[in-house]
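Read the structure below first, then the notes.
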Amino acid sequence: MSSLRLTFLGAAGEVTGSSYLIETEHARFLVDCGMFQGGREADKKNRNAFAFDPKTIDFVLLTHAHIDHSGLLPRLSAWGFRGPIYCTAATADLLQVMLKDSAFIQEKETEWRNKSRRRNQSTLDLAPLYTVMQAEATLKQLLAVNYDIDIMPHPSVRCCFRDAGHILGSAIIEVWIKTKTGCKKIVFSGDLGKPGHPIVRDPAIIQQADILLIESTYGNRLHRCMADTIDELVHAINDTLIHKRGNVIVPAFSVGRTQDLLFLLVDLFRQGKLNNLDIYVDSPMASAATEITLQHIALLDKEASEALRWMNTNGSRPRIHFVQDIEESMQLNQITQGVIIISASGMCDAGRIKHHLKYNLSRRQCSILITGFQAEGTLGRRLVDGAKQVKIFGQEIPVKASIHTIGGLSAHADQADLIHWMKHFTKKPEKIYVVHGEYNNSVALANIIEQTFKWQASIPERLSVATFTF
Ligand SMILES: [Zn+2]
């Protein structure tokens, strides 16, 4: 008899901190090593994340570059992990930017917190979660793999990265654990994209799993269809720029969402639905991620490749400005009308977007387009929930701008998409775990899975362990 232990280290009953530990007699490895995000509680979880000795981990399989899936890798290495981290080439490129940026933020935040601790007479300085130097060391452990080609990170483990259609380089990972007595196949859905989503291809079809871990970010919800979403986007932009003569502010994740938006805006301009566009991308990371996207054109879907060709050959096209330094970013505060500013963070709780909100939220002429998931406790969530006033940099700002929630742009499959993806399974997986969702969303997906397929699905608790024998 062989046994396999699966420990849910994060993204269990919540959306962040994705990480799973798989242990057999022969190998120990992680799938994802994500950071917990959102509030003080997250910081504590990040500091205590390793309920195992990182030195004993043989390798890591990484679904995609988003920090809630990759953000604790530098800490894992700093604490002794020396093995390879397998991911797609595009993910590896994105991580070059994202992990260093994440480390930089950790260093800055810790510096700031230590200053205030010293003011309060505390003599004990906090150490950052990890440093830029530690992040750089981790990057050397990345090993790029291709989609749809089997690899053997260990003699007893075979795996295959399949396109998840979520962001550039994102993967569903199929893992086969082979022992003398048999084989078990685990499928990690990673973050699953929405079919028809801009830039990336549709999620790959998987037909079989013994153990399936499926995400449920939008397990309780249906997105608006793309055509309605586009109409809403066009209406909000034209209404703001032409009729109300204000600015359009778009909080967006630097990696993924910003490129999706750029593609859509270019495409809508090309179709004549939007005119005279002045777009500012105010996030150095978004600029870098856009450049990386352009280096991986082979991964783009048909529509994105066409739009790119059109951009390269057409004289009349949207003006896209990539803002690098802080002075240039501050100058944008002087512009009162006619521009679209895409900036990060996507949930409005950090970064340059806060400045743009500070200057534009209180103006009736302006619009804020919310295009992504807003976690509980973030400024973005308060705006979506209809707050009349919000605090930014210690200042109360009245919310007078129109807030548009453009739900259909999500890079995550909705409930119907998730069920549709599961319909390709030719037989019932032995065990289904619903992960990566706020608890109620996971419950909703588990219920609909049961209704649709008569298959039981469980919602694991953080740090719970499942054991399989075969
Ligand atoms: Zn993601």
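The values are calculated or read from the model by the stated rules, or taken from the named source; none is laboratory data. Treat the numbers as computed from the prediction; the structure is a model and nothing was measured. For neighbour counting, all protein chains shown are included, and Cβ atoms are generated from backbone atoms with ideal geometry for every residue, glycine included.
Is it the case, given these coordinates, that Ile397 is in contact with a Leu (Cβ under 6 Å, 6 or more places away or on another chain) and either modelled with pLDDT of 95 or more or among the polar types (S, T, N, Q) (or both)?
Details: in contact with a Leu (Cβ under 6 Å, 6 or more places away or on another chain): yes; either modelled with pLDDT of 95 or more or among the polar types (S, T, N, Q) (or both): yes.
Yes; evaluated as a whole, the condition is true for this residue.
Note on the stretch 402-420: residues that are outside any strand (DSSP E or B), away from the ligand (no atom under 16 Å from the Cβ) and modelled with pLDDT of 95 or more total 4.
Which residues, taken from the stretch 430-470, are small (Gly, Ala, Ser), part of a loop (DSSP other than H, G, I, E, B) and surrounded by fewer than 20 Cβ atoms within 10 Å (Cβ to Cβ)? Across the stretch 430-470, the qualifying residue is only Ser464. For the stretch 27-44, the criterion of being in contact (Cβ under 8 Å) with a residue 60 or more places away in the chain, surrounded by 23 or more Cβ atoms within 10 Å (Cβ to Cβ) and among the aliphatic types (A, V, I, L, M) is satisfied by at least one residue.
Looking only at the stretch 155-196, count every residue that is within 16 Å of the ligand (Cβ to nearest atom) and either touching a helix residue (DSSP H, G or I) at 6+ places or on another chain (Cβ under 7 Å) or in a strand (DSSP E or B) (or both) and tell me the total.
Within the stretch 155-196, the first condition is being within 16 Å of the ligand (Cβ to nearest atom), and the residues that meet it are 161-173, 188-194.
With the extra rule that they be either touching a helix residue (DSSP H, G or I) at 6+ places or on another chain (Cβ under 7 Å) or in a strand (DSSP E or B) (or both), the set shrinks to 161-163, 168-169, 171-173, 188, 192, 194.
Residues that pass the stated criteria total 11.
Okay, residues lined up against (1) hydroxyl-bearing (Ser, Thr, Tyr); (2) closer than 19 Å to Asp210 by Cβ; (3) touching a residue at least 40 places away in the same chain (Cβ under 8 Å):
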position: Ile419; (1), (2), (3): no, no, no
position: Lys427; (1), (2), (3): no, yes, yes
position: Thr452; (1), (2), (3): yes, no, no
position: Gln456; (1), (2), (3): no, yes, no
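Within the option set Ile57, Ile67, being within 14 Å of the ligand (Cβ to nearest atom) and without any contact (Cβ under 8 Å) to a residue 40 or more places away in the chain holds for one residue only, Ile67. Taking the stretch 8-67 as the range and being closer than 23 Å to Lys184 by Cα, among the acidic types (Asp, Glu) and part of a loop (DSSP other than H, G, I, E, B) as the test, the residues that pass are Glu25, Asp32, Asp58. Scanning the stretch 1-26 for residues that are touching a Gly at 6+ places or on another chain (Cβ under 7 Å) and surrounded by fewer than 20 Cβ atoms within 10 Å (Cβ to Cβ) returns a single hit, Ser2.
What's the total number of residues in the stretch 142-154 that are in a strand (DSSP E or B) and in contact with a strand residue (DSSP E or B) (Cβ under 6 Å, 6 or more places away or on another chain)?
Step one: of the stretch 142-154, the residues in a strand (DSSP E or B) are 142-145, 147, 151-154.
Retained after the next criterion (residues that are in contact with a strand residue (DSSP E or B) (Cβ under 6 Å, 6 or more places away or on another chain)): 142-143, 145, 147, 151-153.
The total comes to 7.
Condition check: in contact (Cβ under 8 Å) with a residue 40 or more places away in the chain, surrounded by 23 or more Cβ atoms within 10 Å (Cβ to Cβ) and of a type in the set (Val, Ile, Thr). Does Val200 satisfy that?
Yes, satisfied.
Check the stretch 75-87 and report whether any residue there is closer than 23 Å to Ala51 by Cα, of a type in the set (A, V, I, L, M, F, W, C), assigned to a helix (DSSP H, G or I) and under 24 Å from the mean Cα position of the chain (by Cα). Yes, that holds for at least one residue.
Going through Ser329, Ser305, Ser287 one at a time, which residue ends up being surrounded by fewer than 21 Cβ atoms within 10 Å (Cβ to Cβ) and free of Cβ contacts under 8 Å to residues at least 12 places away in the same chain?
Working: Ser329 fails: free of Cβ contacts under 8 Å to residues at least 12 places away in the same chain; Ser287 fails: free of Cβ contacts under 8 Å to residues at least 12 places away in the same chain.
Selected residue: Ser305, the only one of Ser329, Ser305, Ser287 that is surrounded by fewer than 21 Cβ atoms within 10 Å (Cβ to Cβ) and free of Cβ contacts under 8 Å to residues at least 12 places away in the same chain.
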